[in-house]
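The values are calculated or read from the model by the stated rules, or taken from the named source; none is laboratory data. All values derive from a computational prediction rather than experimental measurement. Positions of Cβ are backbone-derived with ideal geometry, glycine not excepted, and every protein chain shown enters the neighbour counts.
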Amino acid sequence: MNPLAQQLNATIERENGHVIQMLSSLGKAIYYPKDGILSQSAEAKAKAKKYNATIGIAIENGQPMHLKVIQDTLSAYNPKDLYEYAPPGGKPELRAAWRAKMVKENPSLANKAYGNPVVTNALTHGLSIVADLFADAGDAVIIPNKNWENYELTFGVRRGAEIVEYPLYNAENRFNSQGLREALLAQQSKGKAIVVLNFPNNPTGYTPDAQEGVEIVAALKDAADAGINVVAVTDDAYFGLFFEGSLHESLFGQLAGLHPRILPVKVDGATKEEYVWGFRVGFITYAAGSDAMLSALEQKTLGIIRATISSGPHPSQTFVLKALQSPEFEDQKDEKFAIMKGRANKVKSLLDSGRYGDVWSYYPFNSGYFMCLKLNGVDAETVRTRLLDEYAIGTIALGETDLRVAFSCIEEENLEELFDTIYKAVQDVAVASRG
């Protein structure tokens, strides 16, 4: 094993012996090279004032070389903020701005120890970093039975982890904290579990309320008290889109510093929060009890980034930073939030109106981009294809009964027609099935 990896492992083991047990074999082996091209180039950038012949970019007239046809479309930006490689950890000013935003929006982080966000190539990349660092073959990854299908690819297919599901809702249609607790405690023989907490949930659009949040945190603490090392990942892709009666903070704040056997990891990003899906700008942040531990985890994260994508795209990081620094940012976000909330409220009012009879029920939702119908007596995939082929309407079928509807991409005035047409398609399928 490389001496740098050994040094990082020794630091982690010294600061918290439970965390070293959480690392995968790759997580133990990975390191960020101190004497490689990037580190030497960084030193040269600071000191080589005459000629800097280190990094693989081209310079012309003191600026990064670029094509006029590209720069003309980006003339508001300095070429140095577009064309150079961004550092593997991301643009430092962006990391600082995102940390300030995170602290402002999550008061529960006050007086907690957590690191500087590391820039990822959006959230999937952040989750894949978690998988690489912490998931080995056979490790349990605990997620609800209503989940984003990419977890299976990221943790299961790529890393060979065992996906363990529990029902998202309990009998009262609230978050099933007891199911989470049981799934966690079932891993006692392994002594380790990775838990992914995705709120607002994709596909249901559900976020727990304050009491449910307390229950979730208690379930994780119970597992830690039982001797299970828990990597607690908050997938906060849709953070901030809380429309009613739910937590308005990430559980990352409550989990930070909760127990030596719990390592909180926050994965979030501008992707959904700032409506810049194609920019691919995300972040990964660790909470741990010491600066030495946080530094070691960051170095291993940078090693994964260096070994996979080298660094994220610089232009989109610059664009997001400029937005965060704008005095108009908050007002414009509030404006978009009001539109999204209006759409969610319209959907709920339609579904509660009684106009659709008993052809479906719906899973509780209060946030995010989506909601899910539970169809009665008809197959969801058959309804989906009927909607697509006969009515030119796209939805997502999940399992035999569930149909996911992304109200985020439908104008409020069109939602009534959308759900009326879904109702019509369900009736079509029901009639056809009766023969």
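Observations on the structure shown:
- Some residue of segment 173-196 being assigned to a loop (DSSP other than H, G, I, E, B) and acidic (Asp, Glu): no
- Lone unmet requirement of (1) surrounded by 15 or more Cβ atoms within 10 Å (Cβ to Cβ); (2) within 20 Å of SER246 (Cβ to Cβ); (3) out of contact with any strand residue (DSSP E or B) (no Cβ under 9 Å at 6 or more places or on another chain) for LEU351: (3)
- Scope segment 249-263; condition in contact (Cβ under 8 Å) with a residue 40 or more places away in the chain and not basic (Lys, Arg); matching residues: GLU249, SER250, LEU251, PHE252, GLY253, GLN254, ALA256, GLY257, LEU258, PRO260, ILE262, LEU263
- Selection count, segment 249-301, where residues are within 13 Å of the chain's Cα centre (by Cα), at pLDDT 95 or above and among the β-branched types (Val, Ile, Thr): 5
- Segments classed as helices (runs of 4 or more DSSP H), wholly inside segment 7-121, with at least 2 members that are free of Cβ contacts under 8 Å to residues at least 60 places away in the same chain and more than 30 Å from GLY191 (Cβ to Cβ): 37-47, 68-71, 92-105
- VAL157 being among the β-branched types (Val, Ile, Thr) and modelled with pLDDT under 95: yes
- Among the residues of segment 9-41, those identified as more than 19 Å from ASP136 (Cα to Cα), of a type outside the set (Val, Ile, Thr) and either surrounded by 14 or more Cβ atoms within 10 Å (Cβ to Cβ) or under 24 Å from the mean Cα position of the chain (by Cα) (or both) are GLU15, ASN16, TYR32, PRO33, LEU38, GLN40, SER41.
- Taken over segment 244-281, the criterion of being β-branched (Val, Ile, Thr) and either surrounded by fewer than 24 Cβ atoms within 10 Å (Cβ to Cβ) or under 15 Å from ASN198 (Cα atoms) (or both) is satisfied by VAL265, VAL267, THR271, VAL276.
- Segment 199-221 - residue that is closer than 27 Å to GLU330 by Cα and not in a loop (DSSP other than H, G, I, E, B) and, of those, nearest to the chain's Cα centre (by Cα): GLY213
- Of the residues contained in segment 313-331, one or more are found to be assigned to a loop (DSSP other than H, G, I, E, B) and surrounded by 14 or more Cβ atoms within 10 Å (Cβ to Cβ).
- The set of residues in segment 251-280 being aliphatic (A, V, I, L, M) and in a helix (DSSP H, G or I) consists of LEU255, ALA270.
- Flag if LYS101 is basic (Lys, Arg) and in the same structural domain as LYS266 (by TED's automatic domain parsing): yes
- For segment 340-353, the tally of residues that are touching a residue at least 40 places away in the same chain (Cβ under 8 Å) and under 28 Å from the mean Cα position of the chain (by Cα) stands at 8.
- Applying the condition of being touching a Ser or Thr at 6+ places or on another chain (Cβ under 8 Å) and part of a loop (DSSP other than H, G, I, E, B) to segment 222-243 and asking which residue is surrounded by the most Cβ atoms within 10 Å (Cβ to Cβ) yields ASP236.
- Sole residue being β-branched (Val, Ile, Thr), at pLDDT 95 or above and surrounded by 24 or more Cβ atoms within 10 Å (Cβ to Cβ), chosen from VAL195, VAL214: VAL195
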